Amino acid sequence: MTLDEVITRFHISALQNNGSREIAQDSVKSSAVLMPLIEQNGQAALLFCKRAAYLKHHPSQLCFPGGKAEPQDCNLIMTALRETHEELGITPEQITPLGTLSLHATLTGFSILPVVARLAPNTQWHTESLEVEHAFTISIAQLSLESNWHTYELQLAGKSRSLPGFITPHGLLWGATASLVKNFIKLIKTA
């Protein structure tokens, strides 16, 4: 699927949902992530980060760029843009927000607003921030194949949970990030 096809399907899904998405209320645990879409070799892909191994929270986990809302952020879309710039060096001018997915509540008490965005052609990124060990892309085509997803048994907060996961060369994509990807894929497949 090309980037334009993915974006068109995302916009159609928003129209089918009356164009409304939930907007997060600003609170101590409000956060946002950017779901950066980029075109590579004529195919749409999502850009992911691998968090640094020494971090206290979520070390070595795969994620989208993002984080907690800060007082200077006028809204959660600005949070996603600011965090993406801090973590990957991608400036807000290189990012075109397309819309948001529904809020996602995490087991750790955060409310995440996923901001779907298109990166400008030839956007470059770096991993020189203290939080990011590596950045990489996965094509929408790969993420759309149900056979690439498996169920994993994990111990979280002392409870056994079955969660979907996607193996990448950089580790297991699971948890909130995997849920956001699955929700996005479902939206564009049904549009």
Which residues, counting only those in segment 143-178, are under 22 Å from Gln43 (Cα atoms) and among the polar types (S, T, N, Q)?
-> Ser144, Ser147, Asn148, Thr168, Thr177
Pick out the one residue from Arg51, Arg82 that is closer than 29 Å to Thr168 by Cα, at pLDDT 90 or above, surrounded by 14 or more Cβ atoms within 10 Å (Cβ to Cβ) and not acidic (Asp, Glu).
-> Arg82
If you check Gly42, Gly19, which single one turns out to be on the phi > 0 side of the Ramachandran plot and modelled with pLDDT of 65 or more?
-> Gly42
Filter segment 145-159 down to the residues that are exposed (fewer than 11 other Cβ atoms within 10 Å of the Cβ) and either of a type in the set (Gly, Ala, Ser) or at pLDDT 80 or above (or both), then identify the one that is nearest to Thr106 (Cα to Cα).
-> Ala157
Does Ala80 qualify as being assigned to a helix (DSSP H, G or I) and either farther than 26 Å from Glu5 by Cβ or of a type in the set (Gly, Ala, Ser) (or both)?
-> yes
Taking segment 94-133 as the search range and keeping residues that are closer than 16 Å to Pro65 by Cβ and out of contact with any strand residue (DSSP E or B) (no Cβ under 7 Å at 6 or more places or on another chain), which one is surrounded by the most Cβ atoms within 10 Å (Cβ to Cβ)?
-> Ser129
So the strands (runs of 3 or more DSSP E) completely within segment 109-177 holding 1 or more residues that are at positive phi and touching a residue at least 40 places away in the same chain (Cβ under 8 Å) are 171-173
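Step by step: first the residues of segment 64-77, then only those that are in a loop (DSSP other than H, G, I, E, B) and either aromatic (Phe, Trp, Tyr) or within 12 Å of the chain's Cα centre (by Cα) (or both), then the one that is surrounded by the fewest Cβ atoms within 10 Å (Cβ to Cβ). Which residue is that?
Quick first cut of segment 64-77, residues in a loop (DSSP other than H, G, I, E, B) only: 64-65, 69-75.
Checking which are either aromatic (Phe, Trp, Tyr) or within 12 Å of the chain's Cα centre (by Cα) (or both) leaves us with 64-65.
Working: Phe64: 24, Pro65: 27.
Only one residue fits best here, namely Phe64.
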Within segment 83-123, restricting attention to residues that are over 14 Å from the mean Cα position of the chain (by Cα) and of a type in the set (D, E, K, R), which residue is nearest to Ala135 (Cα to Cα)?
-> Glu86
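The values are calculated or read from the model by the stated rules, or taken from the named source; none is laboratory data. Predicted model only: the values in this text are computed from it and were never measured. Quick reminder, even Gly has a Cβ in these numbers, built from the backbone with ideal geometry, and neighbours come from all protein chains shown.
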